[in-house]
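Here is the structure we will look at, set down as structure tokens.
The values are calculated or read from the model by the stated rules, or taken from the named source; none is laboratory data. Note that the coordinates shown come from a computational prediction; the quantities given were computed from them, not determined experimentally. The accessibility values were calculated without ligands, DNA or RNA, using every heavy atom of the protein model including side chains. Shrake-Rupley method; radii C 1.70, N 1.55, O 1.52, S 1.80 Å.
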Amino acid sequence: MTGRRTDTRRRTVDSGGLALAVYEQGDPADPTVVLVHGYPDDHSVWDDVAADLAADHHVVRYDTRGSGASGVPATREDYRLELLGEDLFAVADAVSPDRPVHVVAHDWGSVQSWEAVTTPGAYRRIASYTTMSGPCLDHMGYWIRHRLRRPTPRHLSQLLRQGAHSWYIALFQLPVLAPAAWKLGLARLWPRVLRDLEAVRPRPGHPQATLAEDAVHGIELYRANMRPRVRAPRERHTEVPVQLITLQRDHYVSDFLSEGLERWVPRLTRRTLNATHWSALLEQGPTVAALVRDFTARDHGAARQEPSTAGELVVVTGGGSGIGRATALAFADAGARVVVCDRDLPAAQRTAELCELSGTKAAAYRVDVSDGAAVDAFAQQVATEHGVPDVVVNNAGIGHSGTFLQTTEDEWRRVLDVNLWGVIHGCRAFGRLMVDRGTGGHLVNLASAAAYLPAKQLAAYATSKSAVFMLSDCLRAELAPHRIGVSTICPGIVNTNITRTTTFSGLDDDALAAKQAKVSKLYARRGFPPEKVAAEILRAVRTRKPVVPVTFEAKAARLLGRLSPALLRKAARINAG
Amino acid sequence: MPRFPYDERDLAKFREVQQLSYHCAEQVAAWIEPGVTERQATAELRRCLVKAGVQDFFHVPFAWFGDRTAFRHFHTPLQFFAGSRVLTEGMPYVLDCAPVVDGYTADIGYGGKVGENAVWDLLAKDLKTYRDLILREVRARKPLAEVYAAVDAQLAAHGYDNRHQVYPGRVIGHQVTRNTARGPAGVNLFGFGVRTLQTLGRELVKERLEGRSPLWAGGRASRHAPTPGLWAVEPHIGFRDVGIKFEELLVVTDEDAYWLDDDLPHVRRWALQEDAA
């Protein structure tokens, strides 16, 4: 690129009397991106990302206080988050006085940038924030409190697991020992630690020459901030659009630490990267730069974001109505791009149209999920036109009522073709794409409470759903190493049009219509809306929950089936449906 | 089945009152701006109608702003009355009034928005489908309950929900007759004019005796062919926090049915959109 300024310029910015070393690359006329490094790094950890971004951004890095060429504060008090947040604003004001800057941060850089981003009015100075491996300590305080107040097994396990990951934080509170460890050899061993534990290839010039001092000074970050913030967290909200990049193999920050982050950050975009804590920056710089570029290119100034080509990609089968449509809408509302398919193309197109009202891109296709070749072709088409999906919801299904002997061979085939083979085709086609891509994903399969609730009138339907339940269990085990989650959803009685299209064995047309109307009325009276199922599906994806019974009856049946399977077997004889 | 009770002169009078109502609603819509409350909007609407010569109301004027246009969180009938909700940029609103002039009643609904609202735009465009659908079904002399079910099915296909089910009795419409009661004009009880209540009560008894209902909903009482006469029809559709409706008079004769007037704001808007397309 001719005329581009790719050399690094150095300047010093004063922040409350402390000199910060600032490094600039790229054309100052381009959007400014400020990269904030973590512990025990200095600005050089960003070398690859900065070089890539400098092509079309004004890239600014600085050594945070106490590290690299920046000044070293005299007391522990001077490492408080408030001052660290002000450092970021001071740099932003110096390098881009007229326009808000985009902030990208890692590890402790992320912790201190959260402080700036959640400062009231931050949106005037910060256009967007991309965060990796560093939570807001206040959010973390609330995260811990919430789990202590509701100590479910899942919550307790999260607390214990995150506690185990944070062993070094406790160690850092110890006087003498931690600084001594760095001075006596850890700094020298650091390249090996990065190579063996973090899958980072050693390179000349990294880590920085000042590593030992930086690491020792940086210990004060933990000592000055961890305890007060986690013990007495403050409510910290932000209007700034935030992109959270979860590093899947991070040894220090668990992915579940960001559960419920939407409470504080309404404009949140989640991305995942198959990387370790440091390999993200040191090995996958261009990938990180691409994610940052995607995010900074969005029009964050608009009240609602323009349809974006970034964001999570979600595929929903049977998206023309009911739970499928509600799920597509819920994902669109959460900022995801949505692809819906249905046998009824106009219905699918309508869903896409409604999704776009949320300001995201959506597309619709006609697909019969019982046709394996068609699903394969659809998956390929989605991959070509939109990319590999992050979430696939295998929702398409049909209802059928009839006892085993009443159900004809054709009826059996039809039910199994759509309800079971549809899910198999979906999981195969998209599961393969996700595995090949290698950055994880999530499959959601819609089973039913009938999967574990036998009923003589639902022989074919319950069989198909039970098979979906089991196939999901097997698939979950298989895909776990690939970081692809599988959720089985068991809705129960939900007011959708599945009842209006449910077929009944051995009924003529008039009797069928009457029966459909009767069952629809019953389901309508139950009044459980598909939107609530959609909300559960979103939660299942976010929390990677394996099995989700949704309605009360679905939960009760599951519990009863565990307490007394014999009772459910008896109940199956009841003439219902 | 009663015979169609009105002559051309009556229909012209009904049309005139309906025009007057929509004209006032348009005036208020032009006056409305961010910062105005629902109560202020209804007061302005009432002022406007009284200035145009209205002495009595079938029911008091209503104004709903924001998510109240979709009747979200409505639990008691009192919530239908205009409140202190303040209009802000991008909000939808609905104005509803029912003036009576010389016993001739109109009952209209007018939907609008201030600033940009993409959801409202789509709903407003789709509302035409319901106007066409209702007319088609009534012309086919389908039982009113079936027409109601057809509207519900269309709503499901569109992905919207049925907001008229929140109205008392879940009605999509009601019969309108010439008001001949003698009670005091301009006095109202629970939002309905005293004369209205008298007429409505009498109609209700008379129609019930005939096995019909002057109220049009989805239940058993509406399982009969459309009664000849005038019906104020108000399909009210909603998506999330945005609701929109029209309400206007449908003329049902012994063999046919038609909308009393096609020169109304929403119909003109659709015509303009079609021309532009």
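Divide by every residue of chain B the summed helix terms, -39500 (n - 2.57) for each DSSP H run of at least 4, and state the resulting mean residue ellipticity at 222 nm, rounded to the nearest 500 deg cm²/dmol.
Working: 6 runs with 103 residues, N = 277.
Computed mean residue ellipticity for chain B: -12500 deg cm²/dmol.
Once the partner protein chains are put back, segment B:236-262 shows a loss of at least 20 square angstrom of accessible area, versus the chain by itself, at B:Phe239, B:Arg240 (probe 1.4 Å, ligands and nucleic acids excluded). The C-alpha radius of gyration of segment A:9-297, expressed as a fraction of 2.2 N^0.38 Å, stands at 0.94. Placing A:Leu137, B:Leu189, B:Leu20 in order of accessible area, with the largest value first and a 1.4 Å probe, yields B:Leu189, B:Leu20, A:Leu137. Just to be sure I understand: of the beta bridges DSSP finds with both ends in the protein assembly as shown, what percent are antiparallel, rounded to 5? Of the beta bridges lying entirely in the protein assembly as shown, close to 50 percent run antiparallel.
With respect to the cross-link table entries B:Lys13/B:Lys245; B:Lys128/B:Lys245; A:Lys361/B:Lys113; A:Lys521/B:Lys125; B:Lys113/B:Lys245; A:Lys532/A:Lys555, which display a Cα-Cα separation exceeding 18 Å? Don't jump to the answer; show the numbers that get you there.
Numbers: B:Lys13/B:Lys245 24 Å; B:Lys128/B:Lys245 10 Å; A:Lys361/B:Lys113 25 Å; A:Lys521/B:Lys125 30 Å; B:Lys113/B:Lys245 12 Å; A:Lys532/A:Lys555 15 Å.
Beyond 18 Å between Cα atoms: B:Lys13/B:Lys245; A:Lys361/B:Lys113; A:Lys521/B:Lys125.
Surface burial for B against A, with a 1.4 Å probe and both sides summed, reaches about 800 Å² of accessible area.
Normalised radius of gyration (Cα atoms, divided by 2.2 N^0.38 Å) for chain A: 1.09.
Provide B:Met91, A:Met132, B:Met1, A:Met470 ordered by accessible surface of protein heavy atoms (probe 1.4 Å), highest first. Please list the in-between numbers first.
Working: B:Met91 35, A:Met132 0, B:Met1 135, A:Met470 115 Å².
Solvent-accessible surface, decreasing: B:Met1, A:Met470, B:Met91, A:Met132.
Amide H contacts for B:Trp259 (H built 1.01 Å from N in the peptide plane; partners 5 or more residues away or on another chain; cut-off under 5 Å): B:Val251. With all protein chains in place and a 1.4 Å probe, the accessible surface of the protein assembly as shown carries 55 percent carbon and sulfur. Taking amide H atoms as placed 1.01 Å from N in the peptide plane, the amide H of A:Thr503 lies under 5 Å from those of A:Gly399, A:His400, A:Ser401, each 5 or more residues away in sequence or on another chain. Per the Kirkwood formula applied to alpha carbons, segment A:313-573 shows a radius of gyration over Rh ratio, Rg over Rh, of 0.96.
Given a cut-off of 20 Å, what percent of all Cα-Cα pairs of segment A:48-105 lie beyond it? So the portion of pairs separated by more than 20 Å is 34 percent. Couplings for segment B:46-63, taken from phi via the Karplus curve 6.51 cos²θ - 1.76 cosθ + 1.60 with θ = phi - 60°, read 5, 4, 4, 5, 4, 4, 7, x, 7, 10, 9, 10, 5, 9, 5, x, 10, 9 Hz in order; Gly and Pro are left as x. Its DSSP H runs of at least 4 residues, each contributing -39,500 (n - 2.57), put the calculated 222 nm mean residue ellipticity of chain A at -13500 deg cm²/dmol, to the nearest 500.
Across segment B:19-25, coupling constants 3J(HN,Hα) worked out from phi with the 6.51/-1.76/1.60 Karplus curve, θ = phi - 60°, read 4, 4, 5, 5, 4, 5, 4 Hz, and Gly and Pro carry x.
Rounded to the nearest whole Å², what accessible area per residue is found for the protein assembly as shown with the 1.4 Å probe? Can you show the working numbers first?
Details: 36790 Å² over 854 residues.
Heavy-atom accessible area per residue stands at 43 Å².
Within the P(r) computed for segment A:1-89, what percentage of the Cα pairs occupies the region above 22 Å? Walk me through the numbers on the way to the answer.
On the way: 1070 of 3916 pairs.
Summing the P(r) of segment A:1-89 above 22 Å gives 27 percent of all pairs.
The per residue volume of the convex hull around the alpha-carbon atoms of chain B is 127 Å³. Residues of segment A:354-370 whose accessible area, computed with a 1.4 Å probe over protein heavy atoms, drops by at least 30 Å² once all protein chains are present relative to their chain alone are A:Leu354, A:Leu357.
Specify the inter-centroid distance of segment B:16-64 and segment A:163-218, based on alpha-carbon positions, in whole Å. Cα centres, segment B:16-64 to segment A:163-218: 73 Å. Close amide H partners of A:Gly485, meaning residues 5 or more places away or on another chain with modelled amide H under 5 Å apart, are A:Gly441, A:His442, A:Leu443.
In segment B:125-162, the residues that give up 20 Å² or more of accessible area when the other protein chains are added, compared with the chain on its own (1.4 Å probe), are B:Ala157, B:His158, B:Gly159. Centroid-to-centroid, using Cα positions, segment A:1-73 and segment A:365-432 are 51 Å apart.
Cα extents for segment A:318-418 along the principal axes, largest to smallest and rounded to whole angstrom: 50, 25, 23.
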